[in-house]
Amino acid sequence: QASVIPRPIVLFVLTLSLPLLPQPQLRRLSNRLASTTTSSIPVDHLLLWRLTHSLHTNKSTIAPHPLIVEMAEPRSGSASPASPSGRIAQEDLDTISEGLRLMLTNDIKGADKHWEKALADAKTRTFGPNSHYHDPSGAFTFVGALTALLHGLATLQNDQLAEAQQRLQKADELMNTAKDWPGKTVVKGLCMLLTGVVMTMQRSKTQGIWNILRSWLYLRLLESEALNYEGPERSLVRSTALLSLGVFNLVLSLLPPMLTRTASWCSGLDGSREVAMDFLRKCWKEEGLLAPFAIMCLVGYQVDVRTWLGEPMSAEPFEEANQALLWAEERFPGGLVFEGLRANYWAIKRDIPQAMEHSAAHKDLAKDLPALNLVINARRASYAQANMDWSEAAQAFRCALAVYREVNRRSFVPAMCLNAALCHNMAGEMKERDEMADLALEYKAKEDKKKWDIADKWAFELAQKCKDGTWLPEVELLHVMVLRHRSTHFMPADKVTELLNLMKKIEDGTQDVDIQCKMILFQAEVLRQSARYEEALAMAQRCQSFEGKLSPDAQKFGCLQYATYIMASSNFFMGKLGDAKDVLKKLDSMSKSHHLYHPILFKVTQLNKMLGLEMKDAYMELNVPNRDQLKYAVVIPEGTTEVEWEWMLDDFSLNFSANFTSSAAGSTPTATVVQSLEQYTATSGPCLGRYEPTKPGTLIFTFDNKFSMMRSKKVVFRVSPEHLVVAPCK
């Protein structure tokens, strides 16, 4: 009857029945069971043998057979800490804890050697099919890869990203050979997540983002399996689950509307910021292995990201950040990461002396880590700008660019040169200003580097204007401080007043409407950052009065759009919710082709969420029936220079084509195949397309599922520019 009745019930009934059996039957059953006690026999078979043998021999206790001890030990991480597997698991956790301690107290080289030794020791162990502790090799390799990546980035080594990617692939391969348990799922997901981050840093953005989203195929099991894991590795498994869920939800909550739906569709998460913060708090409060990383995210968000998104400072999040930093500083004294967070904590509280003191205190610690030294000097420059100490800011920028030059890096050196030049100019140090401008132009003249970043291209243009005597250094510096470096977020009240007076002086001293509009915008933003909302609103409304008067370059800058955001934000924090909604609707209808589009986008996303509004969704969700196809047409008007599209498949595969038919007057309509894909699989990631029409016409997108006899396919699809209308067609 075992095939009909559940096995546990059978075992339970047999166990109750055994004491009732006569001795001859017990003897025969005991001998029969004893003849089949091999490692392939289920544990309940062996336990029955022990019970019958005990009853048959009338012994209340009997020395356990080693096979029974091995097979009867609790499965899947449920071993007690006192058991052999529990002790081994604890040793592995101690190994991970020590490696993280070394890394977080700045001994990255020591951490790297630590992981090499740990991995070598793990390879000396044997893991049989009935072992109840888990091979830590994959986890050690993963954390070792993370440490090596941080070390490579911190020391600005060449090819550090490629090396990290190889290590991550090795970790993934090792996890594939391990038996299934929640920890394996977690590490595989994290390997894919970090691989995506590395690929994104290598400028393979599409595949990088796709790997980040695909990692959720593994990490989505965290909530159901890892959070409730009760084995000896709980402090690692649960801590990792809490951190991952917190980070994923937090990132998702910050995405602009055009990305939120796709990310939610891929991950299954709603992206609630409150849920994210709750996960991160639990990760910290439970003091699991990854608690320090939860603190990094928690403090970084509460202190820095919130203010950048336009939320005013308040006591509660700052106190939480302070308590989290105190916890970390006690356990990882002198750790550069936490010292940097503490310096920024004081800066956001507008206590520049404290921020400078913390920044200077850990400057010597970072001398062997060029990247961290670079960040420290760049932060020091921002703090000095906030204090309007122009000479100190210039020297900090010069120290930052010297770090890059020492390791023969070129990117961002021109940008830092011009930042230094602008500060030297404000300090009246013209000789030093010209030195920095000349150095930037030297880099421009180098023919062996063709691809420069946007910041460096800005520096080349500004350096040439400096040499020609046509630049506007005060205007450029104020732009950088207010909208790029966010130095004005750190300014004490007296320095805010001094800076506003400087902006007003520049505004009154020129007849150039473009400069006047920028000065008014910068004043409005500084007032908003200082929570002086009535003044900010009035200043932003003044900026709106320049509509129709600005040059094409000033329109491209985005003054009017940013001023509109300031009006919406000010109305919201003044409690005028209806006015804030109306202004946001106006902003949504304005041109999005300007330089400040992305900074505005993220801020408006958060403001909309606080208002409870939903932005116009750019994605369509399609269901392509089996043995059928769907077609969508987009009319391309005259003057359209570029059309882009993107679609993602939920699962399996799909045929796709994009065809363009011209509708220009006097020409014969002809169809051009722009893109054609056969059996495009979901695992291939997002499908991207682009077309540059030379004449008006119609783009036809066909999602063909005729080859599938049984399965329909789910697709998310978008076309840009957003003003183009996507309509179903035959």
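Miscellaneous remarks
- Close contacts from the stretch 499-526, counting a first residue that is over 12 Å from VAL475 (Cα atoms) and a second that is open to solvent by 50 Å² or more (accessible area, probe 1.4 Å), with Cβ to Cβ under 6 Å and a gap of 6+ residues or different chains, come to VAL513/LYS549.
- Filtering the stretch 643-681 to residues that are out of contact with any strand residue (DSSP E or B) (no Cβ under 7 Å at 6 or more places or on another chain) and in contact (Cβ under 8 Å) with a residue 60 or more places away in the chain leaves only ASP651.
- If you filter the stretch 531-569 down to residues that are touching a residue at least 24 places away in the same chain (Cβ under 8 Å) and among the acidic types (Asp, Glu), you find that the one that is nearest to THR488 (Cα to Cα) is GLU534.
- Restricting attention to the stretch 388-417 and to residues that are open to solvent by 40 Å² or more (accessible area, probe 1.4 Å) and not in a helix (DSSP H, G or I), the residue that is farthest from ILE352 (Cα to Cα) turns out to be ASN408.
- Cβ pairs under 7 Å, 6+ apart, first in the stretch 695-724 and at pLDDT below 85, second aromatic (Phe, Trp, Tyr) and assigned to a loop (DSSP other than H, G, I, E, B): VAL716/TYR619; ARG718/TYR619
- Number of the condition not met by LEU372 [criteria: (1) part of a helix (DSSP H, G or I); (2) of a type outside the set (Lys, Arg); (3) modelled with pLDDT of 80 or more]: (3)
- Some residue of the stretch 553-562 being touching a Leu at 6+ places or on another chain (Cβ under 6 Å) and open to solvent by 10 Å² or more (accessible area, probe 1.4 Å): no
- Unmet criterion (only one of (1) open to solvent by less than 90 Å² (accessible area, probe 1.4 Å); (2) touching a residue at least 60 places away in the same chain (Cβ under 8 Å)) for LYS730: (1)
- Residue match in the stretch 313-323 (condition: at pLDDT 90 or above, more than 30 Å from ILE566 (Cβ to Cβ) and surrounded by fewer than 17 Cβ atoms within 10 Å (Cβ to Cβ)): yes
- So PRO669, is it part of a loop (DSSP other than H, G, I, E, B) and either open to solvent by less than 80 Å² (accessible area, probe 1.4 Å) or among the basic types (Lys, Arg) (or both): no
- Residue check, ALA381 at pLDDT 90 or above, crowded, with 23+ Cβ neighbours inside 10 Å, in a helix (DSSP H, G or I) and touching a Phe, Trp or Tyr at 6+ places or on another chain (Cβ under 8 Å): yes
- Test result for SER235, at pLDDT 75 or above and under 16 Å from SER272 (Cβ atoms): no
- The set of residues in the stretch 282-295 that are at pLDDT 90 or above and open to solvent by less than 50 Å² (accessible area, probe 1.4 Å) comprises CYS283, TRP284, ALA291, PRO292, ALA294, ILE295.
- Subset of the stretch 692-727 (residues that are surrounded by 12 or more Cβ atoms within 10 Å (Cβ to Cβ), of a type outside the set (D, E, K, R) and more than 26 Å from SER589 (Cβ to Cβ)): GLY697, ILE700, PHE701, THR702, PHE703, ASN705, PHE707, SER708, SER712, VAL715
- Selection count where residues are in a helix (DSSP H, G or I) and surrounded by 13 or more Cβ atoms within 10 Å (Cβ to Cβ), scope the stretch 485-496: 6
The values are calculated or read from the model by the stated rules, or taken from the named source; none is laboratory data. All values reported here derive from a predicted model rather than from experimental measurement. Cβ atoms come from the backbone with ideal geometry, glycine included; neighbour counts cover every protein chain shown. We work out accessible area using only protein heavy atoms, side chains counted, and drop any ligands, DNA or RNA first. Shrake-Rupley method; radii C 1.70, N 1.55, O 1.52, S 1.80 Å.
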